[in-house]
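Written below as structure tokens is the structure these notes are about.
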Amino acid sequence: FTVIHYIPTILTIMLIPIFAKKFGKIKALFVGFLFYGAGLILEIAGPVNLPMIYGGLVLQGIGHAALYSCLFAIVGDVVDYSEWKDGIREEGLTYSVTSFGQKIGTGLGTAALGWILAAGNYNGTAAVQPDSAIFAIKSLFLYLPLAITVVVLILFCVFSTFIQFFSDCRIYLIDSHK
């Protein structure tokens, strides 16, 4: 299943710079999350239908391309905002905090995986898992990612007014560096 997910990701990554240049990084990420969410919905709708699972994985792969391509570029916008607001460029600090947050998130996410499986009574040695373990697995790979995707999309909508602000901020910084 991994190949079906990553081939569209790799192919789409090559197109993201064109899309981001034309529409902006934030819109590219937003559309990527829409694709990712659509892929999850497709898999939830057809959990035993192989073409729907494959289709969902392809859509998720396309969505991941935007995330992989744009995430750290947006951290650069935070650096620009910090310089605009305080007059100090803090690239090292900003990227270090981002990296630290990723490490904490990875650790907590890994721990949560174990906690949720344990709550679902998952038994790695059992020949057949109980329904609660199956639900825990589906929650980890479908329901929870979809819920997080919906929250992220809502946050994009709430903070969409900042898109123009960052453009204005960048123009100001370019002019002030001349």
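The values are calculated or read from the model by the stated rules, or taken from the named source; none is laboratory data. These numbers were taken from a predicted model, which means no experiment stands behind them. Neighbour counts run over all protein chains shown; Cβ positions are idealised from the backbone, glycine included. Side chains included, ligands, DNA and RNA excluded: accessible areas come from the protein's heavy atoms. Shrake-Rupley method; radii C 1.70, N 1.55, O 1.52, S 1.80 Å.
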Which sequence of 85, 22 reflects their accessible areas, 1.4 Å probe, from the largest down?
22, 85
³J(HN,Hα) across region 99-105 via Karplus (A = 6.51, B = -1.76, C = 1.60, θ = phi - 60°), whole Hz, x for Gly/Pro?
5, 4, x, 5, 5, 5, x
Distance between region 106-178 and region 1-71 - C-alpha centres, whole angstrom
15 Å
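From the C-alpha gyration tensor of the chain, pull out the three semi-axes of the equivalent ellipsoid (sqrt of 5λ each), sorted largest to smallest, in whole Å. Don't skip to the answer; put the middle values down first.
Details: eigenvalues 266, 80, 35 Å².
After scaling each eigenvalue by five and taking roots: 36, 20, 13 Å.
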Spelling out what I want: for every residue of region 35-50, take phi, set θ = phi - 60°, compute 6.51 cos²θ - 1.76 cosθ + 1.60 (Karplus), and round to whole Hz; glycine and proline get x.
4, 4, x, 4, x, 5, 4, 4, 5, 5, 5, x, x, 10, 9, 4
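Among 156-162, 63-69, how do they line up by average Cβ neighbours within 10 Å per residue, starting with the highest?
Values: 156-162: 11.3, 63-69: 21.7.
The packing order, highest mean first, is 63-69, 156-162.
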With all protein chains in place and a 1.4 Å probe, residue 154 shows an accessible area in Å² (nearest 10) of 100 Å²
Which ³J(HN,Hα) values in Hz, rounded to whole numbers, follow from the phi angles of region 139-147 under the Karplus curve 6.51 cos²θ - 1.76 cosθ + 1.60, where θ = phi - 60° and Gly and Pro get x?
5, 5, 9, 10, 5, 5, x, 5, 4
With the full set of protein chains in place, find how many percent of the accessible area of the chain is carbon and sulfur; take the probe as 1.4 Å.
73 percent
